[in-house]
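Student: Structure provided below as structure tokens; questions to follow.
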Amino acid sequence: MRIVFFSTQAYDRESFLAFPKPQNAEFIFQQPKLTTDTAVLAAGAEVVCAFINDDLSAPVLEKLASGGTKLIALRSAGYNHIDLEASQKLGLAVARVPSYSPHAIAEHTVALILALNRHLTRAYNRTREGDFSLRGLTGFDLVNKTVGVVGTGQIGEAFARIMAGFGCKILAYDPYPNQAVVALGARYLDLDSLLAQSHIVSLHCPLGPTTHHLINTSSLAHMQRGSMLINTSRGALVDTPAVIDALKSGHLGYLGLDVYEEEADLFFEDLSDFPLQDDVLARLLTFPNVIITAHQAFLTREALDAIASTTLANIEHWATGAPQNLVRLEA
Ligand code: NAD
């Protein structure tokens, strides 16, 4: 069984090679992203292992299926990037890693909040230049602040738990309230009320037709002046030009992003030798009150191990006719 991995970095190889291979499996690690042009690299491979910025649109899936692929093993929890209608029509099974480490993403979310609040990037650069002044570095206490958690599944719950530990008041919005979050003292309310009452808003819901541009000009207008928005979920939850307008007017006080709507051609690559072609991202990077990380919230040793072991188990189960963690259209 040939398994072709796309978008692989050194840490992917290390984590997958640390586990026993499924029976008769051959691993082929490809560094390029999966696209219509690179799909040919999977010719003859029964299993394609893909990551979040791989192109899993109908034309790519058609190429994979005609090359003999039978299973798409996603190394991610999110599956908004695969055309499930096409995969089902083509008879391709799709498996994902429903949970690896919600703590990895929740803790990175908190890292963004603390770094923005206490101006850590500015302070770091300043002290390295021998500038030990404190002008412009004033932060705020987190205790007693109100944190709005949009989406209280595994990650939202882990994040709410940490923020409750800081002494924050937790507000939540989710069509399916989570009793563990209620037990933290959280109050569920509608999205507009959550946005209006929160000092910090953090997005932890999946991307889908109902959540695309959930944060837009109108929802930003509901947020408090000077509040903080964090998105470690999926880029297209946020209408980026609308957020830039809110930053320019000062209505939005801080922005922390680990994801970006147009990240697919940028993130995970070293493009530092080239002019940045994305003018929207370039504008975002000019704000001192914005921190952007390149989709690294998942990147802990524990999460990588869990991604590798679950993905390999998914492949093994599928190969023995007892598939697990399948993604279907009706899901
Ligand atoms: P989960 O399925 O456990 O929780 C998602 C929650 O969102 C559920 O409770 C669901 O009811 C809720 N939800 C659905 N639609 C909603 C809506 N319209 N408004 C508010 N809530 C809604 O998923 P999870 O494991 O907590 O992951 C959440 C998201 O985090 C994933 O979908 C993925 O996009 C993102 N993620 C990012 C990284 C990263 O490295 N940055 C890593 C893993 C996951």
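Student: Using a simple spin-label model with points 7 Å from Cα along the Cα→Cβ vector, what separation in nm is obtained for Ala123 and Leu41?
Tutor: The two pseudo-label positions are separated by 4.2 nm.
Student: In nanometres, what is the gap between the two model label sites at Leu114 and Arg301, each 7 Å from Cα along Cα-to-Cβ?
Tutor: 1.9
Student: Still on this structure: Springs between alpha-carbon pairs under 10 angstrom, Gaussian network model over the chain: which of Tyr260, Tyr188, Tyr124 fluctuates most?
Tutor: Result: Tyr124 has the largest fluctuation of those listed.
Student: To make sure I understand the rule: partners must be lysines, Cα under 24 Å from the Cα of Lys89, and not fewer than 8 residues away in the same chain. Which ones qualify?
Tutor: Correct list for Lys89: Lys33, Lys63, Lys70.
Student: Sticking with this one: Kirkwood hydrodynamic radius, computed over distinct alpha-carbon pairs, for the chain: how many Å, to one decimal?
Tutor: It works out to 21.1 Å.
Student: Run the numbers on the chain and let me know its relative contact order in percent, using alpha-carbon pairs under 8 Å that are six or more apart.
Tutor: 17
Student: Additional query: Per-residue ellipticity at 222 nm for the chain, helices alone: DSSP H runs ≥ 4 residues times -39500 (n - 2.57), over residue total, nearest 500 deg cm²/dmol?
Tutor: Taking each H run of at least 4 residues, the total per residue is -9500 deg cm²/dmol.
Student: Now, a different point. Go through the stretch 240-320 and name the GluC sites (Glu not before Pro) that are in a DSSP coil and have 14 or fewer other Cβ atoms within 10 Å of their Cβ.
Tutor: Answer in residue order: Glu262, Glu269.
Student: Once you mark the trypsin sites (Lys or Arg not before Pro) that are in a DSSP loop and have at most 16 other Cβ atoms within 10 Å, what is the longest gap between them in the chain?
Tutor: So the longest stretch without any such site is 1-117.
Taken together, the values in this text are just the output of simple stated rules run on the coordinates, not laboratory data. This is a predicted model, so every value here is computed, not measured. All Cβ positions, even for glycine, are placed from backbone atoms using ideal geometry, and neighbour counts span all protein chains on display.
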